[in-house]
Amino acid sequence: AEAWINGTSLGGQSFGAEQLQIEYNFPFIFPPGLFARYSVQINSHVVQRSDGKHQIYAYRGKVPVVISYRPAKGTQQPDILSIASHASLPNIWTAWQAITPLVEELNILLQEWPGLYYSVHVLCSKCLKRGSPHPHTFPGELLSQPRPEGVTEIICPKNGNERVNVALVYPPTPTVISPCSK
């Protein structure tokens, strides 16, 4: 499981897949029961599901998805809920197709806690591939915006010479519900 999330095979070799990961950070309060409720909400979207205490491994069609909850380790760290998938770059749209309904389902559920503070981020796939313990995070607002025209790559600020394909940051079509708290 850890190997999957880090983009390596069991032999430690990278398998050329790009990881798509959306993170929801809850710095103050993680709504009680949110992970359990979300787990139920997504049931109609996934198959071949395997649940752990803080993770759900499943498939949307033939595309693997992992939903993880990482409780805060002390007051200085946020609780984190992440939704991840992977695919080769030419097929990254399949990963977006797999996680977008799960993101939208979480956004709908979070509306039940008006005023809840949280932030949403798209993790840099290049940082994830490198195994960075603190990958760059692109703002979640990008999920509800169209891809910029004429731009094929953006630069990862954590590693200035690293170019990230725009398809790894912006979904093919913007999400219906903005993932950002109001």
Suppose we keep only residues that are over 27 Å from Pro27 (Cα atoms), out of contact with any strand residue (DSSP E or B) (no Cβ under 6 Å at 6 or more places or on another chain) and among the charged types (D, E, K, R) within the range 37-90. Which one would you say is surrounded by the most Cβ atoms within 10 Å (Cβ to Cβ)? Arg60
Out of the range 118-142, which residues are under 16 Å from Ile80 (Cβ atoms) and assigned to a loop (DSSP other than H, G, I, E, B)? Tyr118, Cys124, Ser132, Pro133, His134, Pro135, His136
Can you pull out the residues in the range 34-75 that are within 17 Å of Glu23 (Cβ to Cβ) and either of a type in the set (Lys, Arg) or not in a strand (DSSP E or B) (or both)? Leu34, Phe35, Tyr38, Ile42, His54, Arg70, Pro71, Ala72, Lys73
Residues of the range 164-176 satisfying the condition of being at pLDDT 90 or above and either in a helix (DSSP H, G or I) or touching an Asp or Glu at 6+ places or on another chain (Cβ under 7 Å) (or both): Val164, Asn165, Val166, Ala167, Leu168
Consider Glu112 carefully, then state whether it is modelled with pLDDT of 90 or more, assigned to a loop (DSSP other than H, G, I, E, B) and more than 17 Å from the chain's Cα centre (by Cα). yes
Only one of Glu105, Glu112 is crowded, with 16+ Cβ neighbours inside 10 Å and of a type outside the set (Val, Ile, Thr), namely Glu105
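The values are calculated or read from the model by the stated rules, or taken from the named source; none is laboratory data. Small disclaimer: the values here were computed from a predicted structure and weren't measured. Cβ sites come from the backbone with ideal geometry, for glycine too, and all protein chains shown count toward neighbours.
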